[in-house]
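The structure appears right after this line, and notes come after that.
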Amino acid sequence: MNDFCSARLFHFSRPFWRNFFQRAGQVSLAISLSVAPSLCQEAVRPGVKSPDWRLTRLKQYFRSHRSPLEKVSESFVVAADRYNLDWRLLPSLAVIESGGGKRYRRNNIFGWKSGRARFKSLDQAIDYVASRLAESPMYRGKSISELLRKYNPARPIYAKKVIQIMDSLAPETPLAAAVP
């Protein structure tokens, strides 16, 4: 929900705005303002969840790169939340390791176990890799840079490339600064 809606600047009914601006002769403005209150009412209606901005951003990113991973965007966000990971980490690894899901085998979009791991589905791959990054002593408690150096020690610029993708998804937030 945006600030416009949360501030509840529009406390009048739609007919009020429509009549007010029609009387003033500004029909196009009346139309746009008559829509805004209904959008805000939808956003603040109890029991209605507003879309997760991370999911929206991830789908947008994958779509703009013609990535087939758009269809599993929600799995990335769910796994990040379940394992308390930066939501940008797994998608960024998948972009580097499989070209965003364009080149992979056996549902292994992360190049896990040097590309030898097999997964029943992309959802399983996402959940498994998230669990390992969060729970394995090899990765747990490390900063993103340290985690990425462990993940792929053979390529010195690997961490920098993954972090660039993460930053292109969204700037770093204080909550996303470190992997627990």
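The values are calculated or read from the model by the stated rules, or taken from the named source; none is laboratory data. These numbers come from a predicted model, not from an experiment. All Cβ positions, even for glycine, are placed from backbone atoms using ideal geometry, and neighbour counts span all protein chains on display.
The set of residues from segment 55-90 being under 20 Å from residue 136 (Cβ atoms), surrounded by 15 or more Cβ atoms within 10 Å (Cβ to Cβ) and not β-branched (Val, Ile, Thr) comprises 75, 76, 79, 80, 83, 85, 86, 87, 88, 89, 90. A Cβ distance below 6 Å, combined with a sequence gap of six or more or placement on separate chains, defines the contacts here; from segment 65-81, residues that are among the β-branched types (Val, Ile, Thr) reach residues that are at pLDDT 95 or above in the pairs 72/122; 77/54; 77/55; 77/87. When only residues in segment 97-133 that are of a type in the set (Gly, Ala, Ser) and in contact with a helix residue (DSSP H, G or I) (Cβ under 7 Å, 6 or more places away or on another chain) count, which is farthest from residue 76 (Cα to Cα)? Out of the qualifying residues, it is 111. Taking the numbered list (1) over 19 Å from residue 92 (Cβ atoms); (2) touching a Lys or Arg at 6+ places or on another chain (Cβ under 8 Å); (3) not acidic (Asp, Glu) in turn, residue 108 passes all entries but (1).
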